[in-house]
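Have a look at this one before I ask anything.
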Amino acid sequence: MAVIPAFQLKIYSLVFLMITDCIIIFIKSLLTRQVKSRLAKDIGPEAATAIYQCFVDDTLRLLEKSAYPFIIAYYPPAAEIEVKQWLGEEYNYFSQQGNDLGENMKNAFYHIFNAGFSRVLLTGSDIPDLPPAVINEAFLGLETSDAVIGPSLDGGYYLIGFNETKFLPDIFENIKWSTPTVFQETMTIFQEHNYHVHKLTGWRDVDDFADLKALYNRNRNTAFADSATINFIKNTKIFPLQL
């Protein structure tokens, strides 16, 4: 009898329980030397790596409190051992596969739909203060829409989601990734296919030093004020805190 990998056993159990919603979170290995590269130019690579660890930790805490199962998609594909040593064996993992970000996202959706889930969200690890209400709204949006998208303030998007029967791989192809036109290019493709898309509130992800300061300033009096990210900023005094 063939041995079923632990990941598949967990997924089969979830599907058996009729849990059809799932969140994919994209993360990067800490060994890629590409972790928050723009932020690293201002605070140094060691601090950028440390704060990225906080982003991931806070994001996982958020997802653990949600009502939805989530799966970590790591990059690069060879980083499985390192990522599991970092985050622990208790999570479900699979590797990102593709030649660019678009292919990685497209293949991640195929992977999770093939595992038996029917409503899937994909998000990244640079929006650690995203409120749980946004995740709830995204899944609710999929009840009446073909897809859901969360625009980021830099012109990209921080979340994308689909119903399996309306999955549209075209939105991941021929996009100028990491440019201010990503969101609009994506919406144009949706419109060309007559898709009903639920648009979430805009959110500011953290790519550079200005984004990091904005994250701190908007969370001085929120529940996120006690997060790993905010505590790291306070303890290391990366920049003069605006009190």
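List the number of the failed condition for Leu130; all other conditions in (1) at positive phi; (2) surrounded by 18 or more Cβ atoms within 10 Å (Cβ to Cβ) hold.
(1)
Could you tell me which residue of the stretch 68-94 is surrounded by the fewest Cβ atoms within 10 Å (Cβ to Cβ), considering only residues that are among the charged types (D, E, K, R) and without any contact (Cβ under 8 Å) to a residue 24 or more places away in the chain?
As a first pass, look at the stretch 68-94 and keep what is among the charged types (D, E, K, R): 80, 82, 84, 89-90.
Right, trim to without any contact (Cβ under 8 Å) to a residue 24 or more places away in the chain and you get 80, 84, 89-90.
Values: Glu80: 14, Lys84: 15, Glu89: 8, Glu90: 6.
Applying the filter and picking the extreme gives Glu90.
A further question follows. Go through the stretch 47-86 and count every residue that is in a helix (DSSP H, G or I), hydroxyl-bearing (Ser, Thr, Tyr) and touching a helix residue (DSSP H, G or I) at 6+ places or on another chain (Cβ under 9 Å). Break it down into steps so the answer makes sense when it comes.
Going through the stretch 47-86, the residues in a helix (DSSP H, G or I) turn out to be 47-65, 77-86.
From the residues that got through so far, the ones that are hydroxyl-bearing (Ser, Thr, Tyr) too are 49, 52, 59.
If we keep only those that are touching a helix residue (DSSP H, G or I) at 6+ places or on another chain (Cβ under 9 Å) too, we end up with 49, 52.
Result for the stretch 47-86: 2.
Additional query: Pairs only if they're at least six apart or on different chains, beta carbon under 6 angstrom, first in the stretch 114-129 and more than 18 Å from Leu142 (Cα to Cα), second in a loop (DSSP other than H, G, I, E, B); list them, first residue then second.
Close Cβ pairs (under 6 Å, with a partner that is in a loop (DSSP other than H, G, I, E, B)) amount to Asp126/Asp205; Asp126/Val206; Ile127/Asp205; Asp129/Asn219.
A follow-up question, please. Applying the selection to the stretch 154-173, what residues are modelled with pLDDT of 95 or more and farther than 19 Å from His111 by Cα?
Step one: list which residues in the stretch 154-173 are modelled with pLDDT of 95 or more, which gives 155-173.
If the condition is that a residue be modelled with pLDDT of 95 or more and farther than 19 Å from His111 by Cα, then Gly155, Gly156, Tyr157, Tyr158 are the ones that fit.
Inspect all residues belonging to the stretch 116-133 and state whether any of them is modelled with pLDDT under 95, closer than 26 Å to Ala50 by Cβ and in a helix (DSSP H, G or I).
Taking every residue of the stretch 116-133 in turn, at least one turns out to be modelled with pLDDT under 95, closer than 26 Å to Ala50 by Cβ and in a helix (DSSP H, G or I).
Among the residues of the stretch 198-243, which ones are in a loop (DSSP other than H, G, I, E, B), under 19 Å from Lys41 (Cα atoms) and touching a residue at least 60 places away in the same chain (Cβ under 8 Å)?
Initial filter on the stretch 198-243 (in a loop (DSSP other than H, G, I, E, B)): 200-202, 204-208, 219-222, 227, 237-243.
From the residues that got through so far, the ones that are under 19 Å from Lys41 (Cα atoms) too are 205-208, 237-240.
Correct list: Asp205, Val206, Asp207, Asp208, Ile238.
The values are calculated or read from the model by the stated rules, or taken from the named source; none is laboratory data. None of these values were measured; they are calculated from a predicted model. So basically every Cβ, Gly included, is an ideal-geometry build from the backbone, and we count neighbours across all protein chains shown.
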